[in-house]
Amino acid sequence: FLETLQLNLQPRAAEKNVKFLLDTPLAAPAGTIVMACNDDMHHVFGNILENAIRYSDDNSIVTLAVRKEGNSAIVSVTDNGIGLTESELPLIFDRFWRSDKARSHSQGGNGLGLSIAKEIADGNKATIAVESTPSKTTFTVHWPLN
């Protein structure tokens, strides 16, 4: 699913010369199957990847890493873009919230994507966390395995 999603987003990434680095195990161990609605997965991961492209600097890399940890699939998306301050992190999933830096970049969007992604993740018993510095942001999704 994630390989297909990043391939579908490749034209948008190419506009900024953003490259994807897909870091996945060569062979998924037994028991790493996630049972989820395709639309839910698309909303969550599509939004995170689109934001990673949107807020990345030109000529940069977005890393998509997947691993199994306990009873969860862990998906991390890291970009080297505008980043967030520590005071902005608690607000990132609020409806209509956008960083002042994001507004000044005229990047589009309405500030709903991450709040919807979080609601969908919550409904699937998944969690989304974010860590950021001024030039690097990582979203990590813990999705339960079935």
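Annotations
- Gain on full stretching of the segment that runs from residue 127 to residue 74 - 0.36 nm per residue minus C-alpha separation: 18.1 nm
- Sequence-separation-based contact order of the chain, relative, with Cα cut under 8 Å and 6+ spacing, percent: 28 percent
- Stretched out straight at 0.36 nm per residue, the stretch from residue 116 to residue 3 would grow longer than its current Cα-Cα span by 38.5 nm.
- Förster-model FRET efficiency, 41 Å R0, residue 145 and residue 57, C-beta, rounded to 0.05: 0.75
- Dividing the C-alpha radius of gyration of the chain by 2.2 N^0.38 Å, with N its residue count, gives 1.01.
- Among 82-89, 125-132, 10-17, the order from most to least packed when residues are scored by Cβ within 10 Å on average: 125-132, 82-89, 10-17
- Helix 113-123 vs. the chain, principal-axis angle (Cα, 0 to 90°, nearest 10): 20 degrees
- Those lysines that a straight Cα-Cα span of less than 22 Å connects to residue 136, excepting residues fewer than 8 apart in one chain: 16, 19, 101, 118
- Label positions at residue 14 and residue 40, each projected 7 Å from the Cα along the C-beta direction, are separated by 3.3 nm.
- One chain, two ends: residue 65 and residue 85. Fully extended at 0.36 nm per residue, the span grows by 4.9 nm beyond their Cα-Cα distance.
- Relative to the longest principal axis of the Cα atoms of the chain, helix 38-55 runs at roughly 40 degrees.
- Total charge dipole magnitude, the chain, about the Cα centre, Cβ charges on Lys, Arg, Asp, Glu only, Debye to nearest 20: 80 debye
Throughout, read-outs are computed from the coordinates displayed, never taken from laboratory work. Bear in mind that the values here come from a model prediction, so they are computed numbers and not experimental data. Don't worry about glycine lacking a Cβ; one is built from the backbone with ideal geometry, like all the others, and counts go over all protein chains shown.
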